[in-house]
Amino acid sequence: MSSSTYGSFPGARPRRLRTTPAMRRMVAEHRLHPADLILPAFVREGISEPVPISAMPGVVQHTRDTLRKAAVEAVAAGVAGIMLFGVPEDEKKDALGTAGTDPDGILQVAIRDVRAEVGDDLVIMSDLCLDEYTDHGHCGVLDDQGRVDNDATLERYAEMAQVQADAGVHVVGPSGMMDGQVGVVRDALDQTGHEDVSILAYTAKYSSAFYGPFREAVGSSLKGDRKTYQQDPANLRESLRELALDLEEGADMVMVKPALPYLDVLAKIAEQVDVPVAAYQISGEYAMVEAAAEKGWIDRDKAILETLTGIKRAGANMILTYWATEVARGL
């Protein structure tokens, strides 16, 4: 065979590094680890058995007892953290979301339960927002024209930060997208002797269609939408402005939510910061995979790992996912 014939074949063959599972594993650029994962969990007041969430197969509203069990299982699997959401009884919802600042409210009780059960073996995080506790379902206090009052809401967030920290939380997650929320929460924590409590800022939280199943999960009473405070899906630069403000105000970690539709935002933020970056694989993302797998249209386990790997590849150090414990066991 002539040299010209040999020269017609490629010298560089990337496929050489894909030949066997061992080879592919050795050269993999990104790896999932249980310590990357955070389990979001819902705890509902006044129930004696877990309540399945119809739009999220396999996910439930926990009782206090089953939440403690879920926390123990997460620790055993190597999961890094748990993000707690409280679901109060409907009659306890009001215009100000007072159940959210009641030391004996369901979220504060749940924080104490989990802290007593697992101590510091799991990073206990709490959702710092009013939407679960207001009768109108918004993330803040409304003014006399029915608009979310940013600064009045900040006062409520400061109170929430204190009661959640008093309950023993390690990390608070202010998620309402109010201007100045991180700074107000940081001041409230520092002034009440909770300097060690970290803030996971919901830096880029978009107004998304993929939140639908979550609203069932928390028993949302939302009337209208949240477009005046959550970000417009069309905007990227705006998220960088939010990022700069959150870091200036004292955020210890930052988050992009949702994850998969906003991987470009996640990658951009990850490039620019020197703090840990989280992404939240939200309810609608979970529901899509579960529904398609139930139909037999996709391979469920492979799809789960592919989505999580994509989020990790885009720059997330931590991923909030409802599959956290299951995936951690497999890893």
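This table checks each residue for (1) buried (at least 22 other Cβ atoms within 10 Å of the Cβ); (2) out of contact with any Lys or Arg (no Cβ under 7 Å at 6 or more places or on another chain); (3) more than 27 Å from His30 (Cα to Cα); (4) at pLDDT 95 or above.
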| position | (1), (2), (3), (4) |
| --- | --- |
| Gly224 | no, yes, yes, no |
| Asp246 | yes, yes, yes, yes |
| Gly250 | no, no, yes, yes |
| Pro258 | yes, yes, no, yes |
| Leu263 | no, yes, no, yes |
| Ala267 | no, yes, no, yes |
| Pro276 | no, yes, no, yes |
| Tyr286 | yes, yes, no, yes |
| Thr307 | no, yes, no, yes |
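Sort out which residues of the range 34-63 are under 17 Å from the mean Cα position of the chain (by Cα) and either open to solvent by 60 Å² or more (accessible area, probe 1.4 Å) or among the β-branched types (Val, Ile, Thr) (or both), and write them in order of number.
Ile38, Val43, Val59, Val60
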### Summary
Listed by first then second residue, the pairs whose first member lies in the range 281-298 and is under 24 Å from Asn317 (Cβ atoms), whose partner is surrounded by 17 or more Cβ atoms within 10 Å (Cβ to Cβ) and basic (Lys, Arg), with beta carbons under 7 Å and at least 6 positions apart or on separate chains, are Ile282/Lys257
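Return yes or no: is Val218 within 19 Å of the chain's Cα centre (by Cα), modelled with pLDDT under 95 and β-branched (Val, Ile, Thr)? Outline the logic, then answer.
Values: within 19 Å of the chain's Cα centre (by Cα): yes; modelled with pLDDT under 95: yes; β-branched (Val, Ile, Thr): yes.
Answer is yes for this residue.
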### Task
Look at the range 226-258 and say how many of its residues are over 19 Å from the mean Cα position of the chain (by Cα), assigned to a helix (DSSP H, G or I) and of a type in the set (Ser, Thr, Tyr).
0
### Message
Quick check on this structure: which one of Thr66, Thr5, Thr98 is open to solvent by less than 90 Å² (accessible area, probe 1.4 Å), over 19 Å from Leu320 (Cβ atoms) and modelled with pLDDT of 95 or more?
### Response
Thr66
### Summary
Flagged pairs (Cβ under 7 angstrom, 6 or more apart or on separate chains; first in the range 178-190, of a type in the set (Gly, Ala, Ser); second open to solvent by less than 10 Å² (accessible area, probe 1.4 Å)) are Ala188/Ala161
### Which numbered condition Gly180 fails, given (1) at negative phi; (2) open to solvent by less than 30 Å² (accessible area, probe 1.4 Å)
(1)
### Query
In the range 94-114, how many residues are touching a strand residue (DSSP E or B) at 6+ places or on another chain (Cβ under 6 Å) and of a type in the set (D, E, K, R)?
0
### Task
Taking the options Ala314, Ala270, Ala251, name whichever one is among the aliphatic types (A, V, I, L, M), under 19 Å from Ala35 (Cα atoms) and in contact with a strand residue (DSSP E or B) (Cβ under 6 Å, 6 or more places away or on another chain).
Ala270
### Task
For the range 102-135, enumerate the residues that are open to solvent by 20 Å² or more (accessible area, probe 1.4 Å), part of a loop (DSSP other than H, G, I, E, B) and either in contact (Cβ under 8 Å) with a residue 60 or more places away in the chain or in contact with a helix residue (DSSP H, G or I) (Cβ under 8 Å, 6 or more places away or on another chain) (or both).
Asp102, Pro103, Asp121, Asp135
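The values are calculated or read from the model by the stated rules, or taken from the named source; none is laboratory data. Please read these numbers as outputs of a predicted model, since none were measured by experiment. Positions of Cβ are backbone-derived with ideal geometry, glycine not excepted, and every protein chain shown enters the neighbour counts. All accessible areas refer to the heavy atoms of the entire protein, side chains included, with ligands and DNA or RNA removed. Shrake-Rupley method; radii C 1.70, N 1.55, O 1.52, S 1.80 Å.
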